[in-house]
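**Student:** Encoded as structure tokens, here's the structure I'll be asking about.
The values are calculated or read from the model by the stated rules, or taken from the named source; none is laboratory data. Model, not experiment: these values are computed from the prediction. All Cβ positions, glycine included, derive from the backbone under ideal geometry; neighbour counts span all protein chains shown.
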Amino acid sequence: MPTAVEDKDAIREVLAEYCFRLDEGRFAEMAALFTEDGTWDTAFGKATGRAAIAELASSLRTRAEQPRPRAVHLVTNIAIALDDARAQVRSNWMVMQNSPQGPRIGSGGAYIDEMVRRDGRWLFRYRKIDRFIVP
């Protein structure tokens, strides 16, 4: 049985991997970080199930009016409350983007996550994206 420190470290790894996969356009791999019936609740729509999550993420990228500049999601202030094989996670996020004037904050906000440990790995059951910093 993992210790609380090991569980929290594994959860932080999932949060980081989510950002890498999303930023690299690996939407099916990002969706694989959710349970089969997981929900991704964004300012631009809500999807339940891995296939629907991957489709929504892909559609957000393709429906942009112009190509999205290279960007990275940054996550900080991670607070994790463990309850056996469940966790409530709160964190802040920001997207840094290139622009003709140089780097800029693209948007930011908070993540509210419900995570579960399944078959020895942590997955999102529900991720709410609160986007309150907008350009």
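**Student:** Would you confirm, using the coordinates I've provided, whether T42 is in contact (Cβ under 8 Å) with a residue 40 or more places away in the chain and more than 18 Å from I78 (Cβ to Cβ)? Can you show your working first?
**Tutor:** On the way: in contact (Cβ under 8 Å) with a residue 40 or more places away in the chain: yes; more than 18 Å from I78 (Cβ to Cβ): yes.
Yes, satisfied.
**Student:** Mind checking which residues of region 1-47 are assigned to a strand (DSSP E or B), of a type outside the set (S, T, Y) and surrounded by 18 or more Cβ atoms within 10 Å (Cβ to Cβ)? Walk me through it before giving the result.
**Tutor:** Residues of region 1-47 that are assigned to a strand (DSSP E or B), as a first pass: 34-42, 45-47.
If we keep only those that are of a type outside the set (S, T, Y) too, we end up with 34, 36-38, 40-41, 45-47.
Hits for region 1-47 are F34, G38, W40, A47.
**Student:** Can R127 be described as loosely packed, with under 15 Cβ neighbours inside 10 Å, touching a strand residue (DSSP E or B) at 6+ places or on another chain (Cβ under 6 Å) and not small (G, A, S)? Don't jump to the end; show me each part of the working.
**Tutor:** On the way: loosely packed, with under 15 Cβ neighbours inside 10 Å: no; touching a strand residue (DSSP E or B) at 6+ places or on another chain (Cβ under 6 Å): yes; not small (G, A, S): yes.
Judged against the criteria, R127 is not a match.
**Student:** Considering only residues of region 1-28 that are over 10 Å from the mean Cα position of the chain (by Cα) and of a type in the set (G, A, S), which is nearest to S91 (Cα to Cα)?
**Tutor:** A10
**Student:** Picking from D83, D23, D7, which residue would you name as being free of Cβ contacts under 8 Å to residues at least 60 places away in the same chain and farther than 24 Å from S107 by Cα?
**Tutor:** When all the criteria are applied, what remains is D83.
**Student:** Out of all the residues in region 91-118, which are surrounded by fewer than 14 Cβ atoms within 10 Å (Cβ to Cβ) and at pLDDT 95 or above?
**Tutor:** R118
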